[in-house]
Amino acid sequence: MQYLLMLYADESRWSQMTPAEQEQGVAAYGAYTQALKTAGVLLGSNRLQGSATATTVHVADGKSQVLDGPYVDSKEQLAGYYLIDVPDLDAALAWTARCPGASHGTIEVRPVWSM
Amino acid sequence: MDRAARARSTADAVARRSYGKLVAFLAAAMRDVAAAEDALSEAFAAALADWPLNGCPANPEAWLLTVARRKGIDGVRRHRSGETAAVQLQILAELDEAASTVMDDAAIPDRRLALLFACAHPAVDAGIRAPLMLQAVLGLDAKTIASAFLASPDAMGKRLVRAKQKIRQAGIRFAIPARDELAGRLDGVLDAIYAAFAEGWSDPGGTDVIRRDLTAEALFLAGLVAGLLPREPEALGLLACMLHAEARRRARRNADGDYVPLAEQDVALWDAAMIDEAEALLLRASALGRIGRYQLEAALQSAHVERRRSGRTDWTPEVQIYDALLALSGSPVVALNRALAIAELQGPRAALEIVDALAADGRLVDYQPYWAARAALLARIHAFPEARDAYAVAIGLAGDPAVRRFLQGRQAALPR
């Protein structure tokens, strides 16, 4: 089954980190991504630009509304994702717990709707 | 304190003191864990409605048992019919007499061990035994248990319900097994308690409140079993092993919350009283003359402690214990740890040969300590690029941020 791991994190934390800490953080994600690849479960992943770069679009009555900023204005924002293919939810949760994002933020795990 | 607050605090105190005993007593009589839990929770609800009006009873446990029994009878009448129902009603009727003569909670027969044996019965799926014990004996809710075992609350709830159905439908007995099968069945109980302890032990950063508590709960269960079966050496061995691990908890993290390996821990931070207790248990166990996995695990902990305290550099005792443990369990994790002890005795190359051979066992591919051990051994023979790669794999598999930082530190310290 495919699961999307959505990584939510407090964006202000990143800018408060020292360059050495940032480098260590990036390396931890790199190692985690490699572990997913080696296990043959990774379908895709990306880190997103900060929520200040977000734009939302909504079309109502044929008119499009474009707004600056993220959809939900909260302290913890979607920061990236992993799409993985594993046998069941327990396996997905085991991988989620290993993600560095699980210790400095919160990860939402959702099964992909299979067509 | 007003009457409602007093009722609530009395109910809380009873739940803390006697929940497991009450559920075990009811479950053994009703031969149904879920029905016992339901009846008791209805009794607690009734207490919170009644006690503020009529005052707290002198013996709240007996009050709860009487009400739970009545709720149990209602439940049987509603859900069952025929012969089984008649038997159940008879049992519950007899239970009433027992409950009414109970003067304090010490007089309630302790059936918790029988309940633990039912939860760890071979007919119950091995993976659900530890969660089932935590729920039945300690009253932890499915959500708390799920989060400790990294499962979804919904799935954990369903698995717990299914396990309880199995116990009822398969007619699993709530009894301590006869002498000839006790040792074999006890393994299941001890394994489940150790599994609960290991979940608590591996908590990321030691900061998660729920997981920390699980360690204490598992220690409580191990103490309970060791206390109720004082002539079973493996029960004593498990408690000794867990106390040894617990005694070093504070030393496992430094002031910055970073992971500290055993070889670098501050011995002064170890809980000496807990270590003494573990050693005394191990001595009592060995006097009973039946060796087993948990006694060996405890002996290993004991050897590590003695080596650190005395400065002993010869690892022969550790290797010998690992040999015995490996012969008993055949576990690749034991084989890995044995290789690390051999590295101290015969050098890193001898250990690497074993570790290379272990790679063929697919079970270690996702096992972070395997890669960390491999990296450390490679570094010792100055194979730095290979060590760096092995550290990278270990870092990618680490679930504990403190361990991750520790591994990153070791990787960064490798000469370029």
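Throughout, read-outs are computed from the coordinates displayed, never taken from laboratory work. All of these numbers come straight from a predicted model, not from anything done at the bench. Cβ placement follows ideal geometry from the backbone for every residue including glycine, while neighbour counts extend to all protein chains displayed.
Pick out, from B:LEU236, B:ALA130, B:GLY75, the residue whose Cα sits farthest towards the positive end of the charge dipole of chain B, with +1 on the Cβ of Lys and Arg and -1 on the Cβ of Asp and Glu.
Farthest along the dipole direction, towards plus: B:GLY75.
Provide a whole-number value for the mean count of partner chain Cβ atoms within 10 Å of the Cβ atoms in peptide A:87-97.
3
Please report the relative contact order for segment B:283-416, taking Cα pairs under 8 Å with a sequence separation of at least 6, and give it as a percent rounded to a whole number.
15 percent
If you place +1 on the Cβ of every Lys and Arg, -1 on the Cβ of every Asp and Glu, and leave all else neutral, what size is the dipole of the protein assembly as shown about its Cα centre, to the nearest 20 Debye?
So the magnitude is around 360 debye.
Within segment B:308-403, report the trypsin sites (Lys or Arg not before Pro) that DSSP leaves as loop and that have at most 14 other Cβ atoms within 10 Å.
B:ARG312
Principal axis extents for segment B:110-165, Cα atoms only, whole Å, descending order, please.
Projected onto its principal axes, the Cα set of segment B:110-165 covers 31, 21, 16 Å.
In the structure displayed, which of A:LYS37/B:LYS166; A:LYS75/B:LYS158; B:LYS71/B:LYS143; A:LYS75/B:LYS143; B:LYS21/B:LYS158; A:LYS37/B:LYS164 lie more than 29 Å apart, Cα to Cα?
A:LYS37/B:LYS166; A:LYS75/B:LYS158; A:LYS37/B:LYS164
Ignore the peptide's own chain and count Cβ atoms of other chains within 10 Å of each Cβ in B:394-406; give me the average, rounded.
Across the residues of B:394-406, the mean count of other-chain Cβ atoms within 10 Å is 6.
Mind checking B:220-228 for the average number of partner chain beta-carbons within 10 Å of each residue's beta-carbon?
0
Residue farthest toward the positive end of the dipole of segment B:278-407, with Cβ of Lys/Arg at +1 and Asp/Glu at -1: which of B:LEU283, B:HIS304, B:ILE342?
B:LEU283
Which of these, B:GLY223, B:GLY127, B:GLY20, has the largest mean-square fluctuation under a Gaussian network model of chain B (Cα springs below 10 Å)?
Highest fluctuation among the options: B:GLY127.
With chain B treated as a Gaussian network of Cα nodes joined by springs under 10 Å, which of B:ALA268, B:ALA163, B:ALA299 yields the largest mean-square fluctuation?
B:ALA268
Place a +1 charge on the Cβ of each Lys and Arg in segment B:259-349 and a -1 charge on the Cβ of each Asp and Glu, then give the dipole magnitude about the Cα centre in debye, rounded to the nearest 20.
Dipole magnitude for segment B:259-349 comes out near 320 debye.
Springs between alpha-carbon pairs under 10 angstrom, Gaussian network model over chain B: which of B:LEU65, B:LEU132, B:LEU328 fluctuates most?
B:LEU328
Against the longest principal axis of chain B, how steep is helix B:348-358, in degrees 0 to 90 to the nearest 10, with axes from Cα atoms?
Once rounded, one gets 50 degrees.
Under unit Cβ charges (Lys, Arg +1; Asp, Glu -1), what dipole magnitude, rounded to 20 debye, does segment B:263-416 have relative to its Cα centre?
Around 280 debye, computed over segment B:263-416.
With unit charges on the beta carbons (Lys and Arg positive, Asp and Glu negative) and the dipole taken about the Cα centre of chain B, which residue among B:ALA146, B:ALA222, B:GLN320 sits farthest to the positive side?
Of the options given, the answer is B:ALA146.
Two decimals is fine: what's Rg over Rh for the protein assembly as shown, C-alpha atoms, Kirkwood radius as Rh?
1.02
Test of the criteria: in segment A:38-115, which chymotrypsin sites (Phe, Trp or Tyr not before Pro) are in a DSSP loop and have at most 10 other Cβ atoms within 10 angstrom of their Cβ?
Filter output for segment A:38-115: A:TRP113.
With a cut-off of at most 13 other beta carbons within 10 Å, and DSSP calling the residue loop, which trypsin sites (Lys or Arg not before Pro) in segment A:1-92 qualify? Please list them.
A:LYS75
Note the direction-averaged projected area, equal to a quarter of the hull surface, for the Cα convex hull of segment B:264-416, in nm².
Over every viewing direction, the Cα hull of segment B:264-416 projects on average to 10.1 nm².
Divide, for chain A, the radius of gyration over alpha carbons by 2.2 N^0.38 Å, where N is the residue count.
So the Cα radius of gyration is 1.20 times the expected 2.2 N^0.38 Å.
Please express the Cα-Cα pair-distance distribution P(r) of segment B:361-416 as a list of whole percents, one per 5 Å bin, running from 0 to the bin with the greatest distance.
All Cα pairs, binned at 5 Å, distribute as 4, 24, 33, 23, 12, 4, 0 percent.
Alpha carbons only, please: Rg and Dmax for chain B, in angstrom.
Cα only, chain B: 24.7, 79 Å (Rg, Dmax).
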